[in-house]
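Read the structure below first, then the notes.
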């Protein structure tokens with residue numbers, strides 16, 4: 001799943017640092033193999049090596065293939081110009097934010113906005129960078145960016161998803177739900193927004209609705225570990241520990257690096273009377289992330 005996943009939703013296993021991921025590469029990858037896309041872009045770049053837009057597309061595609069270093073190299077080349085470097089600046093900024101380099105990312109968003117102050121994606125990405133950094137005192141700045149983006153384009157799914165994620169981070173799930181639902185009206189098969197709406201439903205205690213959205217995500221991206229873990233969380237809240245354990249089993253089979261899933265399964269195993277198994281799972285969680293369970 002190309003992730004725009006909420007970072008600060010307490011109790012959801014496996015939520016990774018997220019910011020606004022490049023949409024075009026994700027949509028292209030749904031049409032054909034991203035490796036084929038990358039190969040075709042490299043051929044085009046041989047003929048036009050200074051095309052910043054092509055390098056931005058290649059960077060996005062490399063990110064979708066799990067090659068952030070290769071993507072960064074393409075973005076670095078693209079932002080030097082010539083031509084329109086806005087897209088590469090926004091994409092590089094998003095990648096920098098995902099790497100925890102928040103100030104560097106915002107510098108790129110600001111450079112993009114200096115080229116076009118009405119750049120909706122740059123505004124939304126800059127606002128989301130504050131969410132990724134844990135909003136705190138910068139909540140007004142983040143919200144101002146989201147509102148500015150939506151004043152320019154009220155139906156922007158990128159800005160709606162970003163503002164919805166902000167509302168999740170600030171524990172306003174009713175407002176988040178409204179933004180995600182509006183975004184899905186235009187793009188009903190957006191797996192990222194569906195996942196985030198499930199998070200909002202879960203915060204509101206509407207577990208059946210959350211499970212419906214998570215099932216929709218899993219139809220679009222079968223085996224997604226974050227959605228499997230989130231289903232485990234829902235069933236745990238509903239009191240079905242056996243079913244919850246089954247979904248954590250599936251989530252860990254898909255991604256054994258998720259400390260939160262190990263911790264959650266360990267707690268469930270202990271509750272079901274398997275103390276040694278629970279302790280082993282929780283120890284694995286701490287090995288992966290010492291802060292888990294503290």
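The values are calculated or read from the model by the stated rules, or taken from the named source; none is laboratory data. Since we're looking at a predicted model, the values are computed, not measured. Note that we place each Cβ from the backbone using ideal geometry, even for glycine, and neighbour counts take in every protein chain shown.
Annotations
- Considering (1) touching a helix residue (DSSP H, G or I) at 6+ places or on another chain (Cβ under 6 Å); (2) part of a helix (DSSP H, G or I), the lone condition that residue 223 does not fulfil carries the number (2).
- Number of positions in region 186-200 that are more than 14 Å from residue 159 (Cα to Cα), part of a helix (DSSP H, G or I) and without any contact (Cβ under 8 Å) to a residue 60 or more places away in the chain: 4
- Any helices (runs of 4 or more DSSP H) falling wholly within region 52-152 and containing at least 3 residues that are in contact with a helix residue (DSSP H, G or I) (Cβ under 7 Å, 6 or more places away or on another chain) and touching a residue at least 40 places away in the same chain (Cβ under 8 Å): 86-98, 120-132
- Some residue of region 271-290 being in a helix (DSSP H, G or I), under 22 Å from residue 165 (Cβ atoms) and in contact with a helix residue (DSSP H, G or I) (Cβ under 9 Å, 6 or more places away or on another chain): no
Residue-by-condition table, conditions (1) under 18 Å from the mean Cα position of the chain (by Cα); (2) within 14 Å of residue 163 (Cβ to Cβ):
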residue	(1), (2)
176	yes, yes
181	yes, yes
185	no, no
216	yes, no
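- Residue match in region 50-68 (condition: out of contact with any strand residue (DSSP E or B) (no Cβ under 7 Å at 6 or more places or on another chain), surrounded by fewer than 17 Cβ atoms within 10 Å (Cβ to Cβ) and under 26 Å from residue 127 (Cβ atoms)): yes
Results for (1) at positive phi; (2) crowded, with 19+ Cβ neighbours inside 10 Å, shown as yes or no for each residue.
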residue	(1), (2)
220	no, no
223	yes, no
272	no, no
278	no, yes
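- If you go through region 237-263 and keep only what is part of a helix (DSSP H, G or I), touching a residue at least 24 places away in the same chain (Cβ under 8 Å) and over 21 Å from the mean Cα position of the chain (by Cα), you end up with 237, 241, 242, 244, 245, 263.
- Checking each residue in region 187-201 for being buried (at least 24 other Cβ atoms within 10 Å of the Cβ) and over 14 Å from the mean Cα position of the chain (by Cα) picks out only 200.
- Residue list for region 80-105, filter: closer than 17 Å to residue 48 by Cβ and surrounded by 22 or more Cβ atoms within 10 Å (Cβ to Cβ): 85, 87, 88
- In this entry, residue 209 is excluded by the filter for residues that are farther than 16 Å from residue 128 by Cβ, at pLDDT below 95 and over 17 Å from the mean Cα position of the chain (by Cα).
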